[in-house]
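Worksheet: the structure to be examined is printed underneath.
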Amino acid sequence: MIGVVAEDSITWTDDFLIGIEELDYEHRMLIKNINLLHQKLLDHDAKDKIEDTLGDIHARMQAHFALEEHFMLENEYPHYTEHKAEHNELLDEYTEFLVRFESKNGMPDCLQAEESLSRWIVNHIVTSDKKMSLIVKQ
Ligand SMILES: [Fe+2]
């Protein structure tokens, strides 16, 4: 399918950098996946193609949050519990969304869900993840 030229859902900026190389790399990859999803939605790609990307995002988020949580524990981050709760909340919401998507009426609210996921990710990186990196690096 010929791609519709569209803006990314999230434009990467160095303001997203938290200064921890492996986590910055993963944030970049996660945003790349979300932008790919955004493009597929705009292109009205087939449901199974969109489902593949939704699955990739899910796997990436799970692995990324696990790594970040491991990193926080290793560094005895004092706000670990709140931070992990934020991760869990998003994963629960995302999993619920996946279940709805897989049911046959899942498509209509997909762009909206993708926008709210994008907002959540950006907000989480620039607030919670940055706060964590500043404290851990002290
Ligand atoms: Fe985080």
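Each peptide in 73-82, 118-127, 32-41 receives the mean, over its residues, of other Cβ atoms within 10 Å, and ordering these scores from highest gives 32-41, 118-127, 73-82.
For region 31-42, putting each phi into the Karplus relation 6.51 cos²θ - 1.76 cosθ + 1.60 with θ = phi - 60° gives couplings of 5, 4, 5, 5, 5, 5, 4, 4, 5, 5, 5, 5 Hz, in residue order, rounded to whole numbers and with x for Gly and Pro. Subtracting the Cα-Cα distance of Asn123 and Asn75 from 0.36 nm times their residue separation leaves 15.0 nm of extension gain. If the segment from Arg28 to Ala85 were pulled out straight at 0.36 nm per residue, it would be longer than the present Cα-Cα gap by 18.3 nm. Of the two radii for the chain, the radius of gyration is 0.99 times the Kirkwood radius, both from the alpha carbons; that is the Rg over Rh value. For the pair Lys137 and Asp92, label points projected 7 Å from Cα toward Cβ lie 3.2 nm apart. Computed on region 14-136, with alpha-carbon pairs under 8 angstrom and 6+ residues apart, the relative contact order is 40 percent. Under 19 Å from a label point set 7 Å out along the Cα-to-Cβ vector of His58, the amide N atoms of region 80-101 belong to 87-101.
Summary of packing: across the peptides 52-64, 91-103, the per-residue average of other C-beta atoms within 10 Å ranks them, highest first, as 52-64, 91-103. Let's test the formula: R0 of 22 Å, r as the Cβ-Cβ distance of Ala46 and Leu111. What FRET efficiency results, to the nearest 0.05? About 0.90, to the nearest 0.05. Ordering Val136, Cys110, Leu30 by Cα displacement along the dipole of region 14-136 toward the positive end leaves Cys110 in first place; charges were set at the Cβ atoms of Lys, Arg (+1) and Asp, Glu (-1). The calculated 222 nm mean residue ellipticity attributable to helices in the chain amounts to -23500 deg cm²/dmol, summing -39500 (n - 2.57) over DSSP H runs of n ≥ 4 and dividing by all residues.
Each reported figure results from applying straightforward, stated rules to the coordinates on display, with no laboratory input. Remember, it's a predicted structure, so these values are computed and weren't measured experimentally. Ideal geometry is used to build each Cβ from the backbone, glycine not excepted, and the neighbour counts take in all protein chains shown.
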